[in-house]
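Q: Could you have a look at this structure, given as structure tokens, before my questions?
The values are calculated or read from the model by the stated rules, or taken from the named source; none is laboratory data. Everything quoted here is computed from the prediction, not taken from an experiment. Because the Cβ atoms are built from the backbone with ideal geometry, glycine has one as well, and the counts that use them run over all protein chains shown.
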Amino acid sequence: MTDQPLVMIVDDQPDNLDILVAHLADSGLDLAVATDGGEALALARTRTPDVVLLDVMMPGIDGYEVCRRMKADPRTADVPVIFMSALTDTASKLRGFESGAIDFLSKPLHREELLARIHVHLTIVRQRRELEARNHRLLSLNRELQEQIERRQKLEDQLSLTDQRLHAITRHEVERWSIDGFVGSSPAACRLMDEVRSLQGAERTHVLVLGESGTGKELVSRAIHVGGPRGNGPFIAVNCSAIPAELADAEFFGHSRGAYTGATGPRHGYFSQADGGTLFLDEIGDLEPRLQAKLLRVLEDGIVTPLGACASRQVDVRVVAATNADLAARVADGRFRRDLYFRLAGYVVTVPALRERRDDVPLLVSHYLQHLSGQMGRDTPAISPEALASLCDYDFPGNVRELRNLIEYALIAARGARIDIDHLHFLGHAVAPSIAVGHEPARPRPEGSAGAGGGWAGHDEQRLLALVKRDGRVDNAGVQAALAVDHGRASYLLKKLHRDGRLDKHGERRWTYYTAA
């Protein structure tokens, strides 16, 4: 192989070949010789020349035909052909150009002219190839650019769609968690809503939300977040009682890669995740003393240091803490730090129990009838005066959460008919015999209630909650065994109670387990 341009000389006269070879011997050109047209065509197919010096008058296939055949072959179509002939008349020259030649030399040949013509056409060939290569690169770049434009357009379309969905989600969250989501017109409810509106504007004030279980402490906390300047930021909800002590530091403050066995990559803790938004600490009264001290330090200076990391980072986080425990008593007996209590209690909101705002029960009943009927794809049924009066007289130890479950159970049990007092199953009455885990109730199940979503939904939920209370935690397999249900039914109950805020979820996939909220 050589990088020298290949010149093919085609002539049937040995003397002419000798002269041409002598002329080109020291020119830096690679030479190939053919003595007739057939040999020339065969040689050109084997090794494509850069220039062809072609005699016109040859026996067999003359130069004109050789040129036409070379131009018809895609492999040699672009090779410049220079005719050599003693014929100097115009007709012969025109015939040569018509067959595809690019130049015409008259014999006898002169070395300087021959070399000049060859180099001119080699230069043209080289420039054409460079231009083609450049064009090829430009076409390739154009294709890549077009592909990038198309990819960017797809990404922009996806981002636009995602943005629309996020806006829709945001609107949904605002509608769901804003102060407008509160149902009630009693004096206690109105005072609570006024407090929430005031706190929405005080974005740097930490808030302590007190109240019994089921009163809606998280709803209050989310409303404080959504309606204020931090509403576009994250809202990170944490159940302090469900965090294992050995993982607490990593969960709250994050960790670097290799900080401990199993830390295969860096992780942002709850404070970093909530940066620019709100960190909701539920069951704050159950926070262990060692973590209370670290939490106090972060609340004082806003600096978190991930486990195993050398560098710290500043965070801007508002903390809204909630508990149903008597924090003042825990401070008094030393179980909760006094300085942390005062840091968290920049403002204290007490969510009233439902029995303290009985005037709101009819409004809440109407709200849940419409809301839950819509979720079930049913028309909203009526409720009898006796049933409504029974609800208004009930003390609701489980507060608003219990009322919601009562209405959900009643909707399923009534199966589209008017809700009567017989469809209400109050804690400690109709449902009480079935609370013991594994104990089946004596009365028969309503027709069509065996599966998920049947008339015994509240019964199964109470049994599951009793199981969690007894064992502290539960997983799908444990629910199947205790309630004698299949995997799908167990999964439905666990997810529903988690969605309702009655269970907290931990882990993923087969490692998932639940604890009481």
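Q: In the stretch 123-141, is there at least one residue being in a helix (DSSP H, G or I) and either on the phi > 0 side of the Ramachandran plot or in contact with a helix residue (DSSP H, G or I) (Cβ under 7 Å, 6 or more places away or on another chain) (or both)?
A: As a first pass, look at the stretch 123-141 and keep what is in a helix (DSSP H, G or I): 123-141.
Cutting the leftovers down to either on the phi > 0 side of the Ramachandran plot or in contact with a helix residue (DSSP H, G or I) (Cβ under 7 Å, 6 or more places away or on another chain) (or both) gives us none.
No: zero hits.
Q: Kindly indicate whether residue 481 is out of contact with any strand residue (DSSP E or B) (no Cβ under 9 Å at 6 or more places or on another chain) and buried (at least 20 other Cβ atoms within 10 Å of the Cβ).
A: The answer is no for residue 481.
Q: Within the set of pairs 6+ apart or on separate chains, which have a first residue in the stretch 327-349 that is assigned by TED's automatic domain parsing to the domain that holds residue 290 and among the aromatic types (Phe, Trp, Tyr), a second that is surrounded by 13 or more Cβ atoms within 10 Å (Cβ to Cβ) and outside any helix (DSSP H, G or I), and C-beta atoms under 7 Å apart?
A: Listed pairs, sorted by first residue: 347/205; 347/207.
Q: Being in a strand (DSSP E or B) and farther than 19 Å from residue 349 by Cα is the filter here, so list the residues in the stretch 279-308 that pass it.
A: 303, 304, 307
Q: Now for a separate question. Considering every residue within the stretch 158-170, establish whether at least one is part of a helix (DSSP H, G or I), at pLDDT below 80 and charged (D, E, K, R). Steps first, answer last, please.
A: We begin by selecting, within the stretch 158-170, every residue part of a helix (DSSP H, G or I); these are 158-170.
With the extra rule that they be at pLDDT below 80, the set shrinks to 158-170.
Add one more test, that the residue is charged (D, E, K, R), and what stays is 163, 165.
Checking the stretch 158-170: at least one residue is part of a helix (DSSP H, G or I), at pLDDT below 80 and charged (D, E, K, R).
Q: Wholly within the stretch 451-517, which helices (runs of 4 or more DSSP H) include no fewer than the required count, namely at least 3 residues that are under 25 Å from the mean Cα position of the chain (by Cα) and modelled with pLDDT of 85 or more?
A: 487-499
Q: Could you list, in sequence order, all residues of the stretch 481-517 that are farther than 21 Å from residue 283 by Cβ and of a type in the set (Val, Ile, Thr)?
A: Matches in the stretch 481-517: 485 only.
Q: Of everything in the stretch 49-75 that's under 20 Å from residue 117 (Cβ atoms) and touching a Ser or Thr at 6+ places or on another chain (Cβ under 6 Å), which residue is surrounded by the fewest Cβ atoms within 10 Å (Cβ to Cβ)?
A: By that ranking, first place goes to 64.
Q: Same structure again: Is it true that some residue in the stretch 310-317 is within 29 Å of the chain's Cα centre (by Cα), more than 26 Å from residue 196 (Cα to Cα) and either outside the structural domain of residue 245 (by TED's automatic domain parsing) or not in a strand (DSSP E or B) (or both)?
A: Going residue by residue through the stretch 310-317, those that are within 29 Å of the chain's Cα centre (by Cα) are 311-317.
This time we only want the ones that are more than 26 Å from residue 196 (Cα to Cα), so: 311-314.
Subset that is either outside the structural domain of residue 245 (by TED's automatic domain parsing) or not in a strand (DSSP E or B) (or both): 311-312.
For the stretch 310-317, residues within 29 Å of the chain's Cα centre (by Cα), more than 26 Å from residue 196 (Cα to Cα) and either outside the structural domain of residue 245 (by TED's automatic domain parsing) or not in a strand (DSSP E or B) (or both): present.
Q: Please specify each residue of the stretch 200-258 satisfying the condition of being in a loop (DSSP other than H, G, I, E, B) and of a type in the set (Asp, Glu).
A: Result: 203, 212.
Q: Kindly indicate whether any position in the stretch 360-382 is modelled with pLDDT of 90 or more and in a strand (DSSP E or B).
A: Looking through the stretch 360-382, none of the residues is modelled with pLDDT of 90 or more and in a strand (DSSP E or B).
Conditions (1) charged (D, E, K, R); (2) touching a residue at least 40 places away in the same chain (Cβ under 8 Å); (3) closer than 19 Å to residue 57 by Cβ; (4) not assigned by TED's automatic domain parsing to the domain that holds residue 37, marked per residue:
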{"position": "74", "(1), (2), (3), (4)": "no, no, no, no"}
{"position": "77", "(1), (2), (3), (4)": "no, no, no, no"}
{"position": "89", "(1), (2), (3), (4)": "yes, no, yes, no"}
{"position": "93", "(1), (2), (3), (4)": "yes, no, yes, no"}
{"position": "106", "(1), (2), (3), (4)": "no, no, yes, no"}
{"position": "113", "(1), (2), (3), (4)": "yes, no, no, no"}
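Q: What's the number of the only condition in (1) assigned to a helix (DSSP H, G or I); (2) at positive phi that residue 194 fails to meet?
A: (2)
Q: If you scan the stretch 222-234, which residues turn out to be within 27 Å of the chain's Cα centre (by Cα) and under 25 Å from residue 353 (Cα atoms)?
A: 222, 223, 225, 226, 227
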